[in-house]
Amino acid sequence: MEWSKLKNVILLMLLCVNAILLLLVGSQASQDRRYQAETRQAAQAVLEQGGIDFTLDEFPDDLALPVTTVTRDRTGEEGVAAALLGEVTLEGESEVRPRYSGPGGVAEFSMNGSFTIRLTPGTWTLGEDQDYEASSQACLEAMGFTGALSGTDRNGKETVLTYYQSWEGFPLFSCTVRLHWQGEDLIQVEGQRLDGTVSATASKSLLSTPTILVRFLAGINEGGYVCSRIDAMDGGYLLSSNTTRQVQLTPVWRFVTDTGTYYVNAVTGEFSPLE
C-alpha cells in the first residue's frame, strides 16, 4: 500500500479512536452527574424523613478548602489602635494584654486575637450621606479588617453591626467584630481578629455535601437538638486553637436553622453547636 493511502488509513483510525474516547468520557460524565443528582436527592429525602426542610434554592457544591496553619503576628495592633484613636501610647509593659491610649479613647488586645476599642464620643461619627453599614465598613477598612456583614441589632438608642472576618475569600466564623453605635457616634469596636502569615497548608480529603447533611442530621438527633428548617448553609473556617501563637484553620460547614446555628467539620464530620 502506498504511503499516502496508508497515512489516510492511520488518520481515519485515529479519528475513530478519538470519537470512541469522547463518547466514553461523555458517558462517564453523564453517569457522574446522574449519580451526583441521585445522591443529593437521597440526602434531602433523609433530612425530610428526619423532619427538617431543606429550603435552599441551590444545592451547595462540595467544599474545596485546605487545612491551613497560621502564625499570628501582633505587630500591627498599635496601628489598628492608632487608625481609630489617633496617635497612641502604650500603657505599661504587658505583652500579654497591651493597652494603648490616644486622644480618641483606649484599646486593649489579647494573645488570642480578641480586642476592645472604646472611643470617646465624636471620635468616629457617621460620614456625610453615610448609613451605619457604610460608616462601619470604612472603619473596618481603616483597621485593615476584611469581612462581611453578618447581622444588625438595634436595642433602644444603640445599633450593633456584626461582621465575620474573611480569610482567602471565605468566612472565618471564629473571628467576628462588633461595632457599637449610639446615635451618630461609634462608641466601641470589639471582637476577635486573626492577623498573621500562612506557615503550612495541607490538602485533605473533605466530605461531600450530601455526607455533611447526613452528619448534620445525626448530630441534631444525637445531641437532642430540635430544628425544622435549614435556612442557610455556608462553607468557611473555624479556628481549632485560639490561645497559641500558631492556629489551625479547619474547613467547616455552617448551618443556620430556625432554632440556632451549628457547624459540621468538613474533614471529620464532627457536629458542634454555636457556643
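The values are calculated or read from the model by the stated rules, or taken from the named source; none is laboratory data. These figures come from a predicted structure and were not determined experimentally. No Cβ is skipped: glycine too gets one built from the backbone with ideal geometry, and neighbour counts run over all protein chains shown.
Observations, loosely collected:
- Positions within region 102-131 being buried (at least 18 other Cβ atoms within 10 Å of the Cβ) and free of Cβ contacts under 8 Å to residues at least 60 places away in the same chain, in sequence order: 102, 104, 105, 107, 108, 109
- Single unsatisfied condition, residue 211 versus (1) part of a strand (DSSP E or B); (2) of a type in the set (S, T, N, Q); (3) not assigned by TED's automatic domain parsing to the domain that holds residue 105: (1)
- Residues that are touching a residue at least 24 places away in the same chain (Cβ under 8 Å) and loosely packed, with under 12 Cβ neighbours inside 10 Å, drawn from region 80-101: none
- Meets criteria (out of contact with any Leu (no Cβ under 9 Å at 6 or more places or on another chain) and not in a strand (DSSP E or B)) for residue 269: no
- Scanning region 172-193 for residues that are under 25 Å from residue 124 (Cβ atoms) and crowded, with 20+ Cβ neighbours inside 10 Å yields 172, 175, 177, 179, 181, 186, 189, 191, 193.
- Flag for residue 232 being exposed (fewer than 14 other Cβ atoms within 10 Å of the Cβ), among the hydrophobic types (A, V, I, L, M, F, W, C) and modelled with pLDDT of 90 or more: yes
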